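Each remark here refers to the structure printed beneath this line.
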Amino acid sequence: MGSLRLTLSTGALVLAAALTPVGAHAADGGGVQVSPSSPAPGGDITLRVTGCAGRTGAAASDAFVSDARLTAAEGGTLGGETKVRSTAHPGPYDVRITCGDTSLTSVLTVGTGGGHSAATPAAPASPTAPVRAGGGGTAHLAAVRTGSTGPGVAQTVTGLLLAAGAAVVVAARGARRSRRAG
């Protein structure tokens, strides 16, 4: 009989969390506020959490692009921002908040984007081509003027001197070998 009671209690809690739009509260009086309450896919959201003992926390949801980092804000609350995935389907999503030893759950309802939020994505959420990020160790070459057609006078003279020096070394070695052999 104990497992049936536990199952029914758990089911009631899940149902209550699913039906509570945004302000689900923990037993210690904590709560979660999401603004806007029904963001469109790709929209930015702000989270405010009360009832956490720590100065930092995190909020996670399948609707988020990435977890929201929560930091101490005014009035003893934690606050943070994140973005709703542009591919999120309209409907309810669980939001799990952890801060210190406290865990809170809330529900975020993603809207259809038809006027709920002005923040609709204008571009894909992920790159569709390689990012122009420079050439690693050759990035300094980007500042070099590429309009010249060949080496200048200084480079030509240096090249000729190096070639002449190499020719003298080769000739000297050849002469030394021929003296030893003969």
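General observations
- Filter result for Thr120 (within 21 Å of the chain's Cα centre (by Cα), modelled with pLDDT under 90, closer than 16 Å to Ser35 by Cα and surrounded by 10 or more Cβ atoms within 10 Å (Cβ to Cβ)): yes
- Checking Ile45 against (1) in a strand (DSSP E or B); (2) modelled with pLDDT under 90, the condition it does not meet: (2)
- The set of residues in segment 74-94 that are open to solvent by 30 Å² or more (accessible area, probe 1.4 Å) and in a loop (DSSP other than H, G, I, E, B) comprises Arg85, Ser86, Thr87, His89, Pro90.
The values are calculated or read from the model by the stated rules, or taken from the named source; none is laboratory data. Everything quoted here is computed from the prediction, not taken from an experiment. Because the Cβ atoms are built from the backbone with ideal geometry, glycine has one as well, and the counts that use them run over all protein chains shown. These area figures cover heavy atoms from the full protein model, side chains too; ligands, DNA and RNA do not enter into them. Shrake-Rupley method; radii C 1.70, N 1.55, O 1.52, S 1.80 Å.
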